[in-house]
Amino acid sequence: MSLLEVEAEALLTKVVQLALDGDPSCLRICLERLVPVKKDAPIRIDIPENAGAADIPKLLGTITARLREGGLTPPETVTPNDLADAFRKSFELVELEYRLSALEEKYKS
C-alpha cells in the first residue's frame with residue numbers, strides 16, 4: 001500500500017477544507033468531482049422518418065443552421081454528419097445493387 005493510499009482520507013479532508021476556506025484550486029477540484037463536465041447530450045434534429053437521398057442536403061442544411069445559430073457546437077455536428085454520410089452510403093449501395101441486378105437480368109443467357 002502506497003503512502004498516498006494511506007493518507008487518502010486525510011488529503012481529501014484537507015482539500016475539502018481548503019475549498020471551504022475559499023482556495024480557488026481546491027474549490028475547482030471539488031466542484032469538478034461533484035458536477036462533472038457534461039461530455040455528451042442528446043440533440044434534437046428533425047429527420048424525416050423515411051429519409052431518402054434527396055433529404056440528405058436538407059439534413060445537412062438543418063445541422064449547419066443549428067451550428068450557425070449556436071444551437072449546436074462543432075463537436076455535436078459530427079454524429080449527425082456521420083449519420084447523413086451513412087444514409088448516403090446506404091442509398092448508393094441500394095442503387096448499385098439495383099443496377100447490378102438489372103444488368104444481370106438483361107444479359108442473362
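The values are calculated or read from the model by the stated rules, or taken from the named source; none is laboratory data. For clarity, every value in this text was computed on a predicted model and none was experimentally measured. Backbone-built Cβ (ideal geometry, glycine too); neighbour counts: all protein chains shown.
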**Prompt:** If you go through segment 14-41, how many residues are surrounded by 11 or more Cβ atoms within 10 Å (Cβ to Cβ) and either in a loop (DSSP other than H, G, I, E, B) or not charged (D, E, K, R) (or both)?
**Reply:** 12
**Message:** Against the condition surrounded by 10 or more Cβ atoms within 10 Å (Cβ to Cβ), on the phi < 0 side of the Ramachandran plot and not basic (Lys, Arg), how does PRO57 come out, does it pass?
**Reply:** yes
**Filter result for GLY61 (at pLDDT 80 or above and part of a loop (DSSP other than H, G, I, E, B))** = no
**Asked** So, of the residues in segment 1-13 that are outside any helix (DSSP H, G or I) and of a type outside the set (A, V, I, L, M), which turns out to be modelled with the highest pLDDT?
**Response** GLU7
**Message:** Going residue by residue through segment 45-56, is there one that turns out to be of a type in the set (S, T, N, Q) and modelled with pLDDT of 85 or more?
**Reply:** no
**Prompt:** Restricted to segment 64-109, and to residues that are among the basic types (Lys, Arg) and in a helix (DSSP H, G or I), which residue is surrounded by the most Cβ atoms within 10 Å (Cβ to Cβ)?
**Reply:** ARG66
**Asked** Is it the case that ARG44 is in a loop (DSSP other than H, G, I, E, B) and of a type in the set (D, E, K, R)?
**Response** yes
